[in-house]
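Working notes, beginning with the structure itself.
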């Protein structure tokens, strides 16, 4: 195949990026733009989770904690001392990475269900702490970021387009990072750890080091999305940004698309998020949780019938067609 | 500090710890026999509490009478889970097994939210506010009877496991699946029974909790996270461990609430959890 097929593929990607980047110039419906923004945001989060959950095979159910740290760090710094969220976002990311190093060191030697438990317990404890220490976090009342005027230097925009481009860029970066991880030795090490941790250890891979590293990178980028969320929605509270439900949404998207693959989380996001947004708008507040009800059902169906996700189904389908055409 | 307050706190902690122990024994049973951690266990408890609530709201049944109906109902739900959902993934990776039970938990929790809204439901009984007093320590009748019922259930289960043939077959399946199978034990049937019993513990717990607690869709999460800590503390596969662990965690929460503030309950439980994982990840007890 060689050069020709590769450059064709690159051309196709560039075309896709151009199409997606030009959407705001003709799509003037604010609600549809909002759906696109949320879709990108969750695809991005699923892509970040994928580094730990997919490639390294460590089922973290605590990613809401990193998301919440990002949201609260930049918002508290902005409200407290007027620091621009553009710097706050990096501080939030670094704090989340440090937190990940701490809990990763504690928990990553745990196997299977006990690692999952530890991540849920950590995230829930953090949520309770944020609800409890009201002097700093305002507890369940949450924090409101006032939107007075367009202020690009303070990460505040009155229209949706700038947010669209920011989150789109973030998604592209996360895909690029996934590509880099896949091709680097870290990617191979993580794969080896997922397939057989003991075997990986025995051939000299520092299992704990690479697992913690993956968790730290994932936490850093997940926290960036937290800041984005806070700026975009202008309001955060622990019961929005640190819940187990949020973590479950993220992993469902990754699993449905296909965990441990480059495009799986993106496909999962593009399929599931518009559906859940549609349910949210048509069923409204009276049926809060309708989309999660469906997420739960979808997880069960996928695990029993298609453990490799939509991407797995697509590639099997593709192989069947290829075989027929040959 | 007034010794009466400490004594009161100890009594309260032990009473609630008994219920933690009962819920935790259900988790221990599934983990011990099948090596699966059931993340939907808390949602079984939620279903047990709602069933008790509806039996009260519609038929006026006392929660302690409802035990006779809720327990078999939960047994059926648990057995059906094993037959239709767990069995297909028995040979799959841990990763997929965990995801499956998380999916079930999400489905049940949000199904309850859709069906019954997020309103808090309570059962009002005449004995809920009554208490006896010994040495200035007040013991709520509802709390005491919940504790006694939990302990009787645990004791009945102990007799079942040690004296009956089915109990012996369950233990055999736990020790070695293949060997048990070769000895003529129908392992899949044992798994179904184990799941049924595990869920029916939450049926009993749900019923006895209703006079002293309230039902809402996410109620399971709080209890199940505590129970997971209990199970890890107790040594994962040990029923004695679950019992002792439940009482310890109940005590720790209650004393922590008295000396610090009730709000720190979760933090205390988490600190215990992190400490066990660091110092003694194998827990207190080894044997089943």
Have a look at B:181, B:24, B:66 and tell me which one the Gaussian network model of chain B (Cα, springs below 10 Å) gives the largest fluctuation. B:181
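Return the calculated 222 nm mean residue ellipticity for chain B, to the nearest 500 deg cm²/dmol, obtained by summing -39500 (n - 2.57) across DSSP H runs with n ≥ 4 and dividing by the residue count.
Details: 11 runs with 208 residues, N = 288.
Dividing the helical sum by the residues of chain B leaves -24500 deg cm²/dmol.
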What ranking of B:143, B:41, B:188 emerges when the number of other C-beta atoms within 10 Å of each C-beta is taken as an exposure proxy, fewest first? B:188, B:143, B:41
Among A:149, A:308, A:280, which one shows the highest mean-square fluctuation when chain A is modelled as a Gaussian network with alpha-carbon springs under 10 Å? A:149
Value of [θ]222 nm, deg cm²/dmol, for chain A, DSSP H segments ≥ 4, -39500 (n - 2.57) each, nearest 500: -25500 deg cm²/dmol
Distance from the Cα centre of the stretch A:1-73 to that of the stretch B:264-278, in angstrom? 36
In whole Å, how far is the Cα centre of the stretch A:213-246 from that of the stretch B:164-220? 38
Listing B:208, A:166 from the residue with the fewest other Cβ atoms within 10 Å to the one with the most, what is the order? A:166, B:208
Calculate how steeply helix B:3-34 sits against the longest principal axis of the alpha-carbon atoms of chain B, using the helix alpha-carbon long axis, and give the answer as 0 to 90 degrees to the nearest 10. 10
extent check for the stretch A:1-80: Cα max minus min per principal axis, descending, whole Å, gives 52, 40, 21
On a full-extension model of 0.36 nm per residue, what is the gain between residue B:6 and residue B:133, subtracting their alpha-carbon distance, rounded to one decimal in nm? 44.2 nm
Label-point separation, residue A:147 to residue A:183 (7 Å along Cα→Cβ), nm: 3.9
Helix B:94-116 versus the longest principal axis of chain B: what angle, 0 to 90°, nearest 10, using Cα atoms? 50
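Order of A:49, A:86 from fewest to most other C-beta atoms within 10 Å? Can you show the working numbers first?
Details: A:49 26, A:86 15.
Least crowded to most crowded, the residues run A:86, A:49.
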Project the alpha carbons of chain B onto their principal axes and report the range along each, largest first, in whole Å. 60, 48, 35
What residue among A:267, A:294, A:248 shows peak mean-square fluctuation when chain A is described by a Gaussian network model with Cα springs under 10 Å? A:294
Measure nothing fancy, just the Cα-based angle from helix B:63-81's long axis to the longest principal axis of chain B, in degrees from 0 to 90, nearest 10. 30
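Each value in this text was obtained by applying a stated rule to the coordinates, not by laboratory testing. Everything numeric in this text was worked out from a predicted model, so none of it was measured. Using ideal geometry, Cβ is built from the backbone for each residue, glycine included, and neighbour counts are taken over all protein chains shown.
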